[in-house]
1. Looking at the range 111-125 only, could you name the residues that are of a type in the set (A, V, I, L, M, F, W, C), in contact (Cβ under 8 Å) with a residue 12 or more places away in the chain and part of a helix (DSSP H, G or I)?
2. What residue, of A52, A37, is within 26 Å of the chain's Cα centre (by Cα) and not polar (S, T, N, Q)?
3. Does R407 qualify as being assigned by TED's automatic domain parsing to the domain that holds L366, free of Cβ contacts under 8 Å to residues at least 60 places away in the same chain and surrounded by fewer than 14 Cβ atoms within 10 Å (Cβ to Cβ)?
4. Given L115, L169, L131, L81, which one is at pLDDT below 85, out of contact with any strand residue (DSSP E or B) (no Cβ under 7 Å at 6 or more places or on another chain) and of a type outside the set (S, T, Y)?
5. Mind checking which residues of the range 383-410 are among the small types (G, A, S) and part of a helix (DSSP H, G or I)?
6. Of the residues that make up the range 277-291, is at least one surrounded by fewer than 21 Cβ atoms within 10 Å (Cβ to Cβ), within 19 Å of L376 (Cβ to Cβ) and not aromatic (F, W, Y)?
7. Under the condition of being among the hydrophobic types (A, V, I, L, M, F, W, C) and modelled with pLDDT of 90 or more, which residue from the range 146-166 is farthest from R86 (Cα to Cα)?
8. Can L336 be described as in contact (Cβ under 8 Å) with a residue 60 or more places away in the chain and under 30 Å from N35 (Cα atoms)?
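The values are calculated or read from the model by the stated rules, or taken from the named source; none is laboratory data. From a predicted model like this one, the values you see are computed outputs, not experimental measurements. Heads up, the Cβs are rebuilt from the backbone with ideal geometry, glycines too, and the neighbour counts pull from every protein chain shown.
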Amino acid sequence: MTDAFNVAFRIPNFFRRLFGEGAFSQAFVPVLAANRAKYGQESTHLLIDRVATVLAWTLLGTCVVGVLASPVLVWAMASGLKQNPRGFEVAVVMTQWMFPYIGFMSLVALAAGILNTWKRFAVPAVTPVLLNVSMIGAAWLGGPWFQSMGLEPIYALCAGVLAGGVLQLTVQWAALYRMELMPRMAWRWGDIKAAWADPGTKNVATLMVPALLGVSVAQISTLINTQIASHLPSGSVSWLTYADRLMEFPTALLGVALGVVLMPQLAAASAASDTSRYSSLLDWGLRIVVLLSVPCSIGLLLFAQPLVAVLYHYGAFSGLDVQQTSVALMGWGAGLVGIVAVKVLAPGYYASQDVKTPVRIAVVVLVITQLLNVVLVPHFKHAGLSLAISLGAVINALWLLIGLLLRKSYRPEPGWVLFLVQIVAGAALLSIYLLWAVQAVDWIGLRAEGFKRVAYLALFLMGGAIIYLGAVWAAGLNLRQFLRR
């Protein structure tokens, strides 16, 4: 049932990445920032209204088609569920119920793009917590209620997903209302036609075409991996999903957060032809990526079992599940620096309204990733899937970096060699410490003593942070420079 939910949840997320924070945001935010810089508030508000109109009608049509086509979509995402007809049926029902989620989340992405352009980062950053709280509440309170009604308890998570989407949209649109930037969507045919014909809307749509291809490439990779995992031993989709949640934590805190902050500022610097500021912003972002993602990568690689055991090893989650999720997490850890770096490097292209170059790179990386799957999956099963994506992300990041260097959009500031030596020194000490920490506690055996295990994890993680940051500081790195920027 958990495999079925994870498959069903990935389908609306697939389309959300197309219409939401993926292709749409990559096209919308640079155009919005440039329009605001050149034409002012009134013209920008009109652009917001017309883009919102086109997006809303597109989403309405997509949701109707998606609900009707759910059986085909589930089969395309994970035909291996057919081995268990009940699981396939449940996945179809959950897809139909959750498909409207893409409508809420795509409008959330519209609101977030506006708020970020106005440098109001707090509300878009906090609202995703509402989805998590809704899903936790649904599992905790709704699961038993559904079971008492003779229904699958897993259906409660669908209600949590929809409630989370509604709450996020409500909070962000309330913020826009207070700023007098609430989109006014048109419902009359003449006004809808005018919105489609608007030059700004056409510009966003034009930029979205290659961005759609780029995001589609990443989502196609996810689709292929889910399809492969559905044919592996039962539980493989869930093991990958649990590991993915842990990988997404540092990715969101570092890569997504930096990308969100940098995109509008890079777009403004590009619109003003301020190449020095443009390059300086990228350099600052990349240094933070290296400083913070390297220890996170080491943690996922060397400290995977304690992380998985403390967070998941309860109830029906067995020792085997801990082991299988841990090896998948190690696969993500191998390429975490690349995964995070892409989130910073790609906006370097999008901000100058160059979407085609990252797309071309992504297409080639997709092919490379699938070739890696052919080699790795027979040996490492589901962990081979996460490892292949990680290695592909490293290639993607290096390719994007080389491209920015060759076009001279990014000129590294002095001190990179010394900076990397300082990071390596800190990483070496952290690695030794974590290898000892894994062996110091019986993380699986302490299952019955949950609070004790949590306390051990907190202490070891604090110790790791002190050792790493203390080592890079002792090596001469001035940590305050990253805050002053």
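1. Kept after step one, since they are of a type in the set (A, V, I, L, M, F, W, C), are these residues of the range 111-125: 111-112, 114-115, 118, 121-123, 125.
Now drop any that are not in contact (Cβ under 8 Å) with a residue 12 or more places away in the chain, which leaves 111-112, 114-115, 118, 121, 123, 125.
Within the range 111-125, A111, A112, I114, L115, V123, A125 meet the criteria.
2. Details: A37 fails: within 26 Å of the chain's Cα centre (by Cα).
So the residue among A52, A37 that is within 26 Å of the chain's Cα centre (by Cα) and not polar (S, T, N, Q) is A52.
3. Numbers: assigned by TED's automatic domain parsing to the domain that holds L366: yes; free of Cβ contacts under 8 Å to residues at least 60 places away in the same chain: yes; surrounded by fewer than 14 Cβ atoms within 10 Å (Cβ to Cβ): yes.
Answer is yes for this residue.
4. Values: L115 fails: at pLDDT below 85; L169 fails: at pLDDT below 85; L131 fails: at pLDDT below 85.
Testing whether each residue is at pLDDT below 85, out of contact with any strand residue (DSSP E or B) (no Cβ under 7 Å at 6 or more places or on another chain) and of a type outside the set (S, T, Y) leaves just L81.
5. Let us first name the residues in the range 383-410 that are among the small types (G, A, S), namely 383-384, 386, 388, 390, 392-393, 397, 403, 409.
Across the range 383-410, the qualifying residues are A383, G384, S386, A388, S390, G392, A393, A397, G403.
6. No: zero hits.
7. If we filter the range 146-166 for residues that are among the hydrophobic types (A, V, I, L, M, F, W, C), which is where we start, we get 146, 149, 151, 154, 156-159, 161-163, 166.
In the following step, the residues that additionally are modelled with pLDDT of 90 or more were identified as 156-159, 161-163, 166.
Numbers: A156: 17, L157: 17, C158: 17, A159: 20, V161: 22, L162: 23, A163: 26, V166: 29 Å.
Ranking the candidates gives V166 first.
8. On the way: in contact (Cβ under 8 Å) with a residue 60 or more places away in the chain: yes; under 30 Å from N35 (Cα atoms): no.
For L336, the condition - in contact (Cβ under 8 Å) with a residue 60 or more places away in the chain and under 30 Å from N35 (Cα atoms) - is not met.
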